[in-house]
Each structure stands twice: as C-alpha cells, then as structure tokens.
Amino acid sequence: MIEHAGFVLWFTGLSGAGKTTVARAVEVELRRRGLRVERLDGDTVRQRLTKDLGFTKEDRDTNIERVTFVAQLLSRNNVVVLGAFISPYRETRDYVRQEVTNFIEVYVDAPIEVCIDRDVKGLYQKAIAGEIPNFTGISDPYEPPEFPDVHLRTDQETIDDSVMKVLKWLEQRGLVPVESHA
Ligand code: ADP
C-alpha cells in the first residue's frame, strides 16, 4: 500500500456502454499500483443498499444520494471509489461532485445503436418491446455530460485504450503514481 489521496471516478453512460467493464479493469490496475479501492456498481448496489428502489426520477435520485454518502465516507478517508452508475441526470451528478472528495466524471460513451446491438443483459430487447418502463435511452432520458473530465468512446476504443486514458488522466494530476507504458 502507498500513501495516496482519495478520489471518486464516476463512470456514467447508457446501459451496456461499458461502465462495469472499464471500471473493473481500472480497479485491477489501481490495486496493482498499491492503491486502496472500492468499486460500487449500480447492479450490485441495487441488490443491497437500494433494493427498495425502482427507476422513477425520484428513486434514481435516492439511489445516487445513498451511494454518494458511501462514496463521501470512503473518499475522505483516502480510499479510491469507482462508481459505475447510469446516473442519467446532470444535476444529480453535479450533486455527487459537490459532496465527495476529488470527483472525476468519466463519460462512458457509445451510441445507443451499439448498446442495443450488444444488449449484454437482454434488457434493450425488452425495453423496445415496451416491457420495461423507464428504461434509459429508450423510454427515459439520458443527459450526457457537457464537460466530462474523461470521455471514453467504447465503440471506437479497446477496453485497454479506455483504461489507459483514465490512468493517464490520473497520472497527469498526480493522483496515481506514474508508470511508463512502454
Ligand atoms: P454497463 O456497465 O455500462 O452497463 P457493461 O460493462 O456491463 O456495460 O457491458 C459492456 C459490454 O460491451 C461488455 O460485454 C463488454 O465486453 C463490451 N465491450 C466491447 N467493447 C468494449 C469497450 N471498448 N469498452 C468496454 N466494453 C466493451
């Protein structure tokens, strides 16, 4: 373990854009470099901390508020938090930014057509068939970040490219130790 500051990498984007995939890979790399890391993922958090909530705007906001509280406690105690949440509302993400230590907004961007093609969890097919109400990108809004700190295009980059983009950004700000990428 090394001495380091806490920060919150907040991965936002459509379902299937690659938030979990990239966050997991970044987690591995940060641990390898000796940082303390916790990953909070929408899918798992919703089975535990916020299993009472659905997908209305109010419930989505409550979901993020609770997660923010956890991220706040961890980040102020020098733990790195990787948060992977669709978090479709700009205002809600701005709230997270205000509440936690060193918030970094990572926009995991892939066109909705690509996410539909991937349909990792089979949810788009159901949402398009009208079987899932309030499904982001189909029957619910997604407000893309206007000025993300890091912008990933997972339809154009490999997973490794995206991980390196995040790591480079963190290195440039002195948040993780620099390594040569030879
Ligand atoms: P989310 O967490 O945003 O819902 P997931 O990470 O669960 O998305 O799913 C993204 C899917 O897209 C995975 O099956 C992953 O393997 C695939 N994929 C293809 N190319 C990429 C890429 N460059 N970056 C991230 N994921 C990718």
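Taken over region 72-120, the criterion of being under 16 Å from Leu170 (Cα atoms) and aromatic (Phe, Trp, Tyr) is satisfied by Phe103, Tyr107.
Conditions tested, residue by residue: (1) part of a loop (DSSP other than H, G, I, E, B); (2) more than 25 Å from Phe55 (Cβ to Cβ); (3) under 18 Å from the mean Cα position of the chain (by Cα); (4) among the acidic types (Asp, Glu).
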| residue | (1), (2), (3), (4) |
| --- | --- |
| Asp117 | no, no, no, yes |
| Ala127 | no, no, no, no |
| Glu131 | yes, no, no, yes |
| Tyr142 | yes, no, yes, no |
| Phe147 | yes, yes, yes, no |
| Leu152 | no, no, yes, no |
| Asp155 | yes, no, yes, yes |
| Val163 | no, yes, yes, no |
| Glu171 | no, yes, no, yes |
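The lone criterion from (1) within 15 Å of the ligand (Cβ to nearest atom); (2) in a helix (DSSP H, G or I) left unmet by Gln98 is number (1).
Residues satisfying the criterion are present in region 28-35 (criterion: farther than 28 Å from Gly137 by Cα, in contact with a strand residue (DSSP E or B) (Cβ under 7 Å, 6 or more places away or on another chain) and crowded, with 20+ Cβ neighbours inside 10 Å). Residues of region 11-34 that are more than 19 Å from Val120 (Cβ to Cβ) and either away from the ligand (no atom under 16 Å from the Cβ) or basic (Lys, Arg) (or both): Leu30, Arg31, Arg32, Arg33, Gly34. Looking only at region 1-16, residues that are hydrophobic (A, V, I, L, M, F, W, C) and under 16 Å from the mean Cα position of the chain (by Cα) come to 6 in all. Pairs meeting the criteria (first residue in region 17-28 and under 13 Å from Val80 (Cβ atoms), second residue within 8 Å of the ligand (Cβ to nearest atom), beta carbons under 8 Å, at least 6 apart or on different chains) are Ala23/Phe11; Ala23/Asp41; Ala23/Ala84. When we screen Asp59, Asp43 for residues that are away from the ligand (no atom under 16 Å from the Cβ) and either among the charged types (D, E, K, R) or in a loop (DSSP other than H, G, I, E, B) (or both), the only hit is Asp59. Taken over region 94-109, residues that are under 24 Å from Thr136 (Cα atoms) and either in contact with a helix residue (DSSP H, G or I) (Cβ under 8 Å, 6 or more places away or on another chain) or at pLDDT below 95 (or both) amount to 7. For Val8, are the conditions met, namely being modelled with pLDDT of 95 or more, within 16 Å of the ligand (Cβ to nearest atom) and either basic (Lys, Arg) or outside any loop (DSSP other than H, G, I, E, B) (or both)? Considered against the rule, which asks whether it is modelled with pLDDT of 95 or more, within 16 Å of the ligand (Cβ to nearest atom) and either basic (Lys, Arg) or outside any loop (DSSP other than H, G, I, E, B) (or both), Val8 comes out as no.
The values are calculated or read from the model by the stated rules, or taken from the named source; none is laboratory data. Values in this document were obtained by computation on a predicted structure and should not be read as measured data. Positions of Cβ are generated from backbone atoms using ideal geometry, with glycine treated the same way; all protein chains shown enter the neighbour counts.
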